[in-house]
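Single-structure report; data block below.
Laboratory data are not the source of any read-out in this text; all were calculated from the coordinates shown. Since this is a predicted model, take the numbers as computed values, not measurements. Cβ atoms come from the backbone with ideal geometry, glycine included; neighbour counts cover every protein chain shown.
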Number of protein chains: 2
Amino acid sequence: MPRNPTQISAEGKLLRRIERAAWSESRTHDKSGLRLGIGDDAALWKPRPGLETILTTDWFLEGTHFLRKLHPPDSVGWKCLARALSDVAAMGGEPRCFLLSLALPENAEGEWLNQFLAGLRRASRKLSCSLAGGDTTRRNKILINISVAGEVKAGRAVTRSGAKRDDRIFVSGRLGEAELGLKLLRKNGSSRTSHTLLQKHLYPEPRIELGKWLASNDLATAMMDLSDGLSLDLARLCVASCVGANIYSGSLPVASKTLSSKFDAATIKQAGLHGGDDYELLFCVPDRLRARIPRNLFGLRLTEIGQITRRAGIKLVEPSGKATLFGPNGWDPFRK
Amino acid sequence: MPRNPTQISAEGKLLRRIERAAWSESRTHDKSGLRLGIGDDAALWKPRPGLETILTTDWFLEGTHFLRKLHPPDSVGWKCLARALSDVAAMGGEPRCFLLSLALPENAEGEWLNQFLAGLRRASRKLSCSLAGGDTTRRNKILINISVAGEVKAGRAVTRSGAKRDDRIFVSGRLGEAELGLKLLRKNGSSRTSHTLLQKHLYPEPRIELGKWLASNDLATAMMDLSDGLSLDLARLCVASCVGANIYSGSLPVASKTLSSKFDAATIKQAGLHGGDDYELLFCVPDRLRARIPRNLFGLRLTEIGQITRRAGIKLVEPSGKATLFGPNGWDPFRK
């Protein structure tokens, strides 16, 4: 008689495959605080004393967030978890465990699922977040939902709403790389996935160490991750904080020309201003603490790109001094 | 300038509607331990000292779990949360907060969404579980995913795997009512939703008080909720516990004949044995503690339906003494 409760049905067999592939190391299991994983009605997890729990959830749907023909399955596995963990990074927290809801067509249960689980396992290990449980069903398109539990010291989480007048605005990394990577992928397919721009689109890295460093050193007044593009996300931060901002167009860390030789300067700039999926951090630092932000940290470039203003509205200031209104133009699934 | 960060985009407006409708009482908010809800990168929640966190997630998809033509939208709102909370009940825990992931077609954003949110709000209040956050996107079918955080005293959660030889097997309520309710709904539509069988299908009530009582009094060795039918779910419990069971066919609390006058005895019995969606609790009690289980508790009938055996396999024992093998025949989305 099988010892595992999930072997009683076809659904159970699938759960068993997921469990084996994605969550095999009891070491990670213990570290994450998981007491009971896949195979019961629910998972049990032990929060650590003095910490608050961060909860977040993200859709990752075939046809909306990825294309089966375009995106390698192991990238889908990596990215569905990485982007959910980016929300934990944006609060200054550390990931602990996640729930995977997966709906699969029959023709995705073989090799596609194996590669998906390999990508998911890689993300789970590298980003220290254990699979706690999930739900599976059959569907004609691949539907993925990831919910994450993370932790942060009580009172230390950085929200979007704390930005103050004169705060300096920073971003990590380079903006627009993922958008340019998507353009390359659309043009050439996934044959050269080692290209840096493609890597950024297919295997984004949530900035967990940076977020944690900013929160634990109390350096950031407001923070969020850049998932829908700078123009839309900065607008959200400003509205949440009841402030405005000036962004210095010349300071924006866009994709390097060497990497983006196939794109003209205007395309690179547009991608930097509006392109989504970068999962870099956008954060505000009080003017007096500005010098404490190094130019490089954890292998990441940190760039000051502007300043918070008391008056609402966001302006893009060119090196010439000319200022134009900088409106939200990022990814919004409900825009008509 | 709007104070709320979600008003910056069309997606933000939708989030704001969800927030207003589903989570308006700060009282519930405080009680649940929520420190930060909708509108930031993630939610913040304060677990209570000495408790473990219960995490669970559930799909609720148009075409798979509900039909838009058949199921009233407020039932979809109620049921998507209620069934996820049933997993918390099955561990002996209390719900705290939940994440809602919602994908909507444009034609469901009006009245359908209003009624859906009304049903969800009713469940959220009645079952004491606050909306913490979520994710929304556009899709041609309605896709729902609910993830829940609950709590239980450390070490007191009841799993599926603790059943021992000679334990008495109990169920709450009556089995098969939801299945018969679905049959009525398919035949007559949702015009008479006040019918008890329809209510059971459309507005199931997770047995949270009962689960908590069993766990806190240390009465149950194993427990799970009946979501996929007794035959499949009992088999899961037995496999998890490495035991078998005898079920006394004559003791099964099936739907009353008065309520089910449109169905013959065989249909009622089959629904009791295999019908899904009841969300009653199935639990095992050591023989010596059997007398401590009352016949009625919290307005619920509790019925002893069988006994755990050392030898694997489940038998259905007729009042005549005749025993037949009782195989899993409940809901399995992956069965071919």
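What the table shows:
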{"quantity": "Beta bridges by DSSP in segment A:208-331, antiparallel share as percent, to the nearest 5", "calculated": "75 percent"}
{"quantity": "5 angstrom amide H check on A:ALA222, placed H, neighbours 5+ away", "calculated": "A:CYS284"}
{"quantity": "10 Å Cβ neighbours from other chains, averaged over peptide B:139-148", "calculated": "6"}
{"quantity": "For segment B:154-211, alpha-carbon Rg relative to the globular expectation (2.2 N^0.38 Å, N residues)", "calculated": "1.57"}
{"quantity": "Tail beyond 20 Å, pair distance distribution of segment B:137-273 (Cα, percent)", "calculated": "58 percent"}
{"quantity": "Length-normalised contact order of chain B in % [C-alpha pairs under 8 Å, at least 6 apart]", "calculated": "21 percent"}
{"quantity": "Label geometry 7 Å along the beta-carbon vector: B:GLY110 inter-copy distances in nm", "calculated": "4.6"}
{"quantity": "0 to 90° range, to nearest 10: angle between helix B:111-126 axis and chain B longest Cα axis", "calculated": "60 degrees"}
{"quantity": "Cα point-scatterer Debye curve for segment A:189-253, base-10 log of I(q)/I(0) at q = 0.22 Å⁻¹", "calculated": "-1.11"}
{"quantity": "For a label point 7 Å along the Cα-to-beta-carbon line of B:SER191, residues of segment B:57-74 with backbone N under 19 Å", "calculated": "B:69-73"}
{"quantity": "For A:ALA312, label point 7 Å along C-beta direction: distances to other copies, nm", "calculated": "6.6"}
{"quantity": "P(r) tail fraction, segment B:73-130 - alpha-carbon pairs more than 19 Å apart, %", "calculated": "29 percent"}
{"quantity": "Value of Rg/Rh across segment A:56-191 [Cα atoms, Kirkwood radius]", "calculated": "1.02"}
{"quantity": "Residue among A:LEU102, A:MET223, A:LEU197 farthest towards the positive dipole end of segment A:96-253, charges placed on Cβ", "calculated": "A:LEU197"}
{"quantity": "Averaged over A:232-238, number of beta-carbon atoms from partner chains that fall within 10 Å", "calculated": "4"}
{"quantity": "Efficiency of FRET between A:ARG295 and A:SER261 - r from beta-carbon atoms, R0 25 angstrom, step 0.05", "calculated": "0.50"}
{"quantity": "Kirkwood Rh in Å, taken over all unlike Cα pairs in chain A", "calculated": "20.8 Å"}
{"quantity": "Residue with peak Gaussian network fluctuation, chain A [Cα springs, cutoff 10 Å], from A:GLY229, A:GLY33, A:GLY276", "calculated": "A:GLY33"}
{"quantity": "P(r) weight above 14 Å for segment B:220-292, C-alpha pairs, percent", "calculated": "65 percent"}
{"quantity": "Candidates B:LEU300, B:LEU85, B:LEU282, ranked by Gaussian network fluctuation over chain B, Cα under 10 Å, top entry", "calculated": "B:LEU300"}
{"quantity": "All-pairs Cα distance distribution in segment A:115-179, expressed in whole percent, bin size 10 Å", "calculated": "12, 27, 35, 20, 6, 0"}
{"quantity": "Integer Hz, Karplus 6.51/-1.76/1.60 couplings in order for segment A:161-175, x for Gly and Pro", "calculated": "9, x, 5, 10, 2, 6, 3, 8, 9, 10, 10, 8, x, 10, 9"}
{"quantity": "Gaussian network model of chain A, springs between alpha carbon atoms under 10 Å - residue of A:THR221, A:THR64, A:THR159 with greatest fluctuation", "calculated": "A:THR64"}
{"quantity": "DSSP-defined beta bridges in the protein assembly as shown - what % are antiparallel, rounded to 5", "calculated": "75 percent"}
{"quantity": "Pseudo-label separations to other copies for A:ARG20 - Cα-to-Cβ vector, 7 Å, nm", "calculated": "5.2"}
{"quantity": "Cα-derived Rg over Rh, computed across segment A:13-133 with Rh taken as Kirkwood radius", "calculated": "0.96"}
{"quantity": "Alpha-carbon Rg/Rh ratio, for segment A:184-336, with Rh computed the Kirkwood way", "calculated": "0.96"}
{"quantity": "DSSP bridge orientation in chain A - percent antiparallel, rounded to nearest 5", "calculated": "75 percent"}
{"quantity": "Shielding of A:79-88 by partner chains, average beta-carbon count, 10 Å", "calculated": "1"}
{"quantity": "Cross-link pairs A:LYS269/B:LYS13; B:LYS79/B:LYS315; A:LYS183/A:LYS269; B:LYS141/B:LYS262; A:LYS31/B:LYS153; B:LYS31/B:LYS126 - those with Cα-Cα distance over 25 Å", "calculated": "A:LYS269/B:LYS13; B:LYS79/B:LYS315; B:LYS141/B:LYS262"}
{"quantity": "Volume in Å³ per residue [convex hull over Cα atoms, computed for the protein assembly as shown]", "calculated": "150 Å³"}
